[in-house]
Amino acid sequence: MFSDYVNGVQHIGIPTKDLAGTVAFYQRIGFERVGLFENQGSHCAFMNLENVLIETWEVEGDIANAGAINHI
C-alpha cells in the first residue's frame with residue numbers, strides 16, 4: 001500500500017520574484033514565517049500553517065508561471 005511508504009508531505013516549493021511580498025501574503029492568510037535562509041546568493045523563506053510547510057524563494061528572470069509549484 002502507498003501508505004506504507006508515505007505518511008505526509010515535507011514541504012511544497014514555490015518560487016517568487018518578490019520574497020517579501022510573498023511572505024507578507026502568506027502571513028496575512030495565517031502562515032507563520034519559521035525560517036529565512038540564504039540560498040545560492042538569494043533568499044528563501046519557510047512558511048508554516050498547521051501541517052502545511054511552504055518553501056518560497058526569490059528567483060531572477062522568468063519563472064514561467066507565477067505561483068507555480070516547483071517541487072513537493
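The selection criterion, being polar (S, T, N, Q) and at pLDDT 95 or above, does not hold for Q10. Looking only at residues in the stretch 58-72 that are under 12 Å from the mean Cα position of the chain (by Cα) and surrounded by 10 or more Cβ atoms within 10 Å (Cβ to Cβ), the one that is modelled with the lowest pLDDT is G67. Entry remark, the stretch 1-21: residues being more than 14 Å from I69 (Cα to Cα) and in contact with a strand residue (DSSP E or B) (Cβ under 6 Å, 6 or more places away or on another chain) number 1 in total.
Here the strands (runs of 3 or more DSSP E) wholly within the stretch 1-57 that include at least 3 residues being surrounded by 14 or more Cβ atoms within 10 Å (Cβ to Cβ) are 12-16, 42-49.
The values are calculated or read from the model by the stated rules, or taken from the named source; none is laboratory data. From a predicted model like this one, the values you see are computed outputs, not experimental measurements. No Cβ is skipped: glycine too gets one built from the backbone with ideal geometry, and neighbour counts run over all protein chains shown.
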